[in-house]
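Trainee: Following this message is one structure expressed as structure tokens.
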Amino acid sequence: MYIHIGADVSLPAEWIVGIFDLDHSTQGSADTVKYLARAEENHLIDILTSDLPRSLVVTINRAILSPVSSDTLRLRWERGLEQSRLRSHM
């Protein structure tokens, strides 16, 4: 199953470790800010939008800033799981 995370980018669901609302993840959280700074220093961050990103998608080897909201990404994940379950029962 693939999850479309924005800007014509889709990832295998098993690569995704977490999806976070960027506003809530960075406010008052020095750890998240440090994580993003380290990812940028190590060239392990991808920015999919020239606008203000709305979510942080953490994968097994990268951090991706997406223009798609974390709620929308969660819904895409859930719909994909439902479709996978339906296919496996056919």
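The values are calculated or read from the model by the stated rules, or taken from the named source; none is laboratory data. Keep in mind that what you see is a predicted model, and the values were worked out from it rather than measured. When we count neighbours, we look across all protein chains shown, and the Cβ atoms used for this are built from the backbone with ideal geometry, even at glycine.
Trainee: Exactly one condition in (1) at negative phi; (2) among the aliphatic types (A, V, I, L, M); (3) touching a residue at least 12 places away in the same chain (Cβ under 8 Å) is not met by residue 33; state its number.
Mentor: (3)
Trainee: If I go through the stretch 1-48 residue by residue, how many of them are closer than 11 Å to residue 68 by Cα and either more than 13 Å from the chain's Cα centre (by Cα) or part of a helix (DSSP H, G or I) (or both)?
Mentor: Of the residues in that region, 1 qualify.
Trainee: Ok, one more. Of all residues in the stretch 70-87 being surrounded by fewer than 17 Cβ atoms within 10 Å (Cβ to Cβ) and among the small types (Gly, Ala, Ser), which is modelled with the lowest pLDDT?
Mentor: 84
Trainee: Please specify each residue of the stretch 35-61 satisfying the condition of being of a type outside the set (S, T, N, Q), touching a Phe, Trp or Tyr at 6+ places or on another chain (Cβ under 9 Å) and farther than 13 Å from residue 6 by Cα.
Mentor: 58, 60
Trainee: Identify all residues within the stretch 24-66 that are closer than 12 Å to residue 9 by Cβ and either surrounded by 17 or more Cβ atoms within 10 Å (Cβ to Cβ) or among the acidic types (Asp, Glu) (or both); write none if there are none.
Mentor: Within the stretch 24-66, 46, 48, 57, 59, 64, 65, 66 qualify.
Trainee: What number of residues within the stretch 1-25 are of a type in the set (Val, Ile, Thr) and in contact with a helix residue (DSSP H, G or I) (Cβ under 7 Å, 6 or more places away or on another chain)?
Mentor: Within the stretch 1-25, residues that are of a type in the set (Val, Ile, Thr) and in contact with a helix residue (DSSP H, G or I) (Cβ under 7 Å, 6 or more places away or on another chain) number 3.
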